[in-house]
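The next block holds one structure in the form of structure tokens; read it before the comments.
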Amino acid sequence: MNRRTLLKQMGLAGTALLLPRFSYGENQMINGPFQPNWTSLEQFRTPDWFSDAKFGIWAHWGPQCQPENGDWYAREMYMEGNRHYNFHLKKYGHPSRFGFKDVINEWKAEQWQPEELVSLYKQAGAKYFIAMANHHDNLDLYDSKYQPNWNSLKVGPKKDILAGWAKAASNQGLRFGVSIHAAHTWSWMETSQRADKTGPYAGIPYDGKLTKKEGTGKWWAGLDPQDLYEQNHPMSENGYDNGAIHRQWNWGNGVYPPSKAYCEKFHNRTIDLIEKYEPDLMYFDDTALPLWPVSDAGLRIAAHFYNRSVKSRKKLDVVINGKILDPQQRKCMVWDIERGQSNSIEPLPWQTDTCIGDWHYDRSIYDRKGYKTAKTVIQMLVDIVSKNGNLLLNIPVRGNGSIDEEERKIVEEIGRWMAANGDSIYGTRPWKIFGEGASLENSAPLTAQGFNEGKGKPYDHTDIRFTSKGDVLYASIMEWPADGKVLIKSLGTASQFFKGDINRVTLVANNTALQFSRNPEGLLIELPDRPALSYAIALKIN
């Protein structure tokens, strides 16, 4: 059943985002201009819809949200002494008796209302919505032909999570994407092979090596835990080194090689997802593409995805996000930077993905009021867009499928800013320079896949970011100046960047004309009374 059929059954036949489906052989790659190699994938060009959208919202939601204790729970609950291990021991019991498979069984998503949430995200200004299809825990959150027992229709909520999200995105007119993380289960879940080294359970293996025959009389009778954990192999080198996973992320540095069967199963699961749900975007949480360079599975998936778009949509209309890309690979897909941003205008469109809290819901962040503020999110967005990027923002979803009231307040404030100032964001392109101001003096470099977020100098009233749209220049003032006056040095009469005349300066929010003067030092603008949302003040300059 493909996305068209799913949505037809939901009463959405004829929706503009639905596309014709073609019949292909069993998991055969569609013929077309793209071949499964990097040189051929360089033909990729970023679709205008993505370059114009600028802002997407992500539901990084799955069974690891059920404990509400934060990200990487399924791995770290098997790491003796880790905070997740300690939490798990207290809440559920020892991981030799109650493993992650049992956490999945606890997850019911009983308060999940995708229509309401995606409607809220559209009101916040998102132009695309991404749902998690699977995480490193390996549970498929959709009707999965090649993971038939460990998917969200068979266990846990007994719901097709992707179908629900896809329907809601279609109803709201948003582009729909999926994030795919399961290529790393092979090594990521190796912690489940361990045992405690100390204490009353010392030497008793966790449940990572259990098989189908051991499920007799248990809730998972008839299911094989190895289809989920994928641990029927030796541990990688330094198997008890908790940090080794990061060095081995690109399938090197002593990782035990994944089997061909494992790679092909991942390939088949992903092709099945594409055919059934027809996403506009696929986000891969991998170095370049999944399983590269030990398998060409990711290359074949990419070529199939692109060729399918060319054949069914009559143009390349889809996007792949990948991380830690070399210069050639950045031509093949859209570069994604995790929890960070570029320090310059990038020649090709790119994306930051970040979160207002932890990737998987963490109740302690709510309790200590530790979320990013709407102001922080908007300032990030303005900076990213000025450099030719998009912002993908995760709003952590609770295990029950809801978001808390603090998250809702943040999303609503983002929506108020976007409703007033969105013209300076949507459909814009970088100007000659991305900005000016004090924060440029101490920009933090990227580390690995990103992770320079919040490490630079804080913004002040001198920090200005530029975007353009046709003959219009937008300038966003990151912080409200105490005296109500803004000096934009890059627009002075002696500026090397702007030689023309300036006839009018207005507030984007309400089209109020502003008083200004210009001299060699810059463009001096007098702002009106301070508004309620007095950050990232967008100005339109004609």
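The values are calculated or read from the model by the stated rules, or taken from the named source; none is laboratory data. Keep in mind that this is a model prediction, so the values were computed, not measured. Here the Cβ is made from the backbone with ideal geometry for all residues, glycine too, and neighbour counts use every protein chain on show.
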*Exactly one condition in (1) over 29 Å from E214 (Cα atoms); (2) part of a loop (DSSP other than H, G, I, E, B); (3) at pLDDT 95 or above; (4) not polar (S, T, N, Q) is not met by I57; state its number.*
(2)
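Would you tally the residues in the stretch 410-421 being within 12 Å of A509 (Cβ to Cβ) and crowded, with 19+ Cβ neighbours inside 10 Å?
Here is the first cut: in the stretch 410-421, the residues within 12 Å of A509 (Cβ to Cβ) are 416-421.
Okay, now just the ones that are also crowded, with 19+ Cβ neighbours inside 10 Å, so 417-418, 421.
So the answer is 3.
Every residue, every condition in (1) assigned to a loop (DSSP other than H, G, I, E, B); (2) in contact with a strand residue (DSSP E or B) (Cβ under 8 Å, 6 or more places away or on another chain), yes or no:
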site: N86; (1), (2): no, no
site: P95; (1), (2): yes, no
site: I104; (1), (2): no, no
site: K108; (1), (2): yes, no
site: Q111; (1), (2): yes, no
site: E115; (1), (2): no, no
site: G125; (1), (2): yes, yes
site: A133; (1), (2): no, yes
site: H184; (1), (2): no, yes
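Residues are listed down the side, and each one gets a yes or a no for (1) touching a strand residue (DSSP E or B) at 6+ places or on another chain (Cβ under 7 Å); (2) in the same structural domain as D286 (by TED's automatic domain parsing); (3) closer than 28 Å to I324 by Cα:
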{"site": "L440", "(1), (2), (3)": "no, no, yes"}
{"site": "Y459", "(1), (2), (3)": "yes, no, yes"}
{"site": "S468", "(1), (2), (3)": "yes, no, no"}
{"site": "S490", "(1), (2), (3)": "yes, no, no"}
{"site": "T493", "(1), (2), (3)": "yes, no, no"}
{"site": "G500", "(1), (2), (3)": "no, no, no"}
{"site": "L507", "(1), (2), (3)": "yes, no, no"}
{"site": "T512", "(1), (2), (3)": "yes, no, no"}
{"site": "Q515", "(1), (2), (3)": "yes, no, no"}
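Against the condition over 29 Å from K159 (Cα atoms), in a loop (DSSP other than H, G, I, E, B) and not aromatic (F, W, Y), how does P33 come out, does it pass?
On the way: over 29 Å from K159 (Cα atoms): yes; in a loop (DSSP other than H, G, I, E, B): yes; not aromatic (F, W, Y): yes.
Criteria met by P33.
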*Which one is surrounded by the most Cβ atoms within 10 Å (Cβ to Cβ), of the residues in the stretch 104-158 that are over 30 Å from I378 (Cα atoms) and basic (K, R)?*
K145
*Restricting the first residue to the stretch 350-367 and requiring it to be within 24 Å of Y128 (Cα to Cα) and modelled with pLDDT of 95 or more, which pairs with a second residue that is part of a helix (DSSP H, G or I) and among the charged types (D, E, K, R) meet a Cβ separation below 8 Å and a spacing of at least six or different chains?*
W350/R330; I356/E407; G357/E407
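Residue by residue, here is whether (1) part of a strand (DSSP E or B); (2) at pLDDT 95 or above; (3) surrounded by fewer than 24 Cβ atoms within 10 Å (Cβ to Cβ) holds:
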residue: P257; (1), (2), (3): no, yes, yes
residue: I274; (1), (2), (3): no, yes, yes
residue: D286; (1), (2), (3): yes, yes, yes
residue: P290; (1), (2), (3): no, yes, no
*From the set of residues in the stretch 210-255 that are among the aliphatic types (A, V, I, L, M) and in a loop (DSSP other than H, G, I, E, B), which is nearest to A288 (Cα to Cα)?*
V255
*Yes or no: A297 closer than 21 Å to C332 by Cβ and modelled with pLDDT of 95 or more?*
yes
*Tell me, which residue of the stretch 524-542 that is among the charged types (D, E, K, R) and under 12 Å from A482 (Cα atoms) is surrounded by the fewest Cβ atoms within 10 Å (Cβ to Cβ)?*
D529
*In the stretch 198-219, which residues are among the aliphatic types (A, V, I, L, M) and either surrounded by 15 or more Cβ atoms within 10 Å (Cβ to Cβ) or not assigned by TED's automatic domain parsing to the domain that holds S295 (or both)?*
L210
*asked:* Restricting to the stretch 503-524, name every residue that is part of a loop (DSSP other than H, G, I, E, B) and closer than 19 Å to S386 by Cβ.
replied: V508, A509
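Condition check ((1) in contact (Cβ under 8 Å) with a residue 24 or more places away in the chain; (2) farther than 23 Å from A195 by Cα; (3) within 25 Å of the chain's Cα centre (by Cα)) across all residues:
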{"position": "G217", "(1), (2), (3)": "no, yes, no"}
{"position": "A221", "(1), (2), (3)": "no, yes, no"}
{"position": "A244", "(1), (2), (3)": "no, no, yes"}
{"position": "W251", "(1), (2), (3)": "yes, yes, yes"}
{"position": "S259", "(1), (2), (3)": "yes, yes, no"}
{"position": "E264", "(1), (2), (3)": "yes, yes, yes"}
{"position": "H267", "(1), (2), (3)": "yes, yes, yes"}
{"position": "I274", "(1), (2), (3)": "yes, yes, yes"}
_All positions within the stretch 220-238 that are surrounded by fewer than 21 Cβ atoms within 10 Å (Cβ to Cβ), among the acidic types (D, E) and either closer than 13 Å to L210 by Cβ or not assigned by TED's automatic domain parsing to the domain that holds A183 (or both)_ = D224, D227
*Since Y78 meets every condition but one in (1) crowded, with 24+ Cβ neighbours inside 10 Å; (2) out of contact with any strand residue (DSSP E or B) (no Cβ under 7 Å at 6 or more places or on another chain); (3) assigned to a helix (DSSP H, G or I), which condition does it not meet?*
(3)
_From the list E521, E479, exactly one residue is closer than 25 Å to S344 by Cα, surrounded by fewer than 14 Cβ atoms within 10 Å (Cβ to Cβ) and of a type outside the set (A, V, I, L, M). Which is it?_
E521
*Examine the stretch 332-341 for a residue that is assigned by TED's automatic domain parsing to the domain that holds V118, surrounded by fewer than 22 Cβ atoms within 10 Å (Cβ to Cβ) and over 17 Å from the mean Cα position of the chain (by Cα), and state whether such a residue exists.*
no
*Residues within the stretch 306-344 that are outside any strand (DSSP E or B), in contact (Cβ under 8 Å) with a residue 40 or more places away in the chain and under 16 Å from N388 (Cα atoms), tallied*: 7
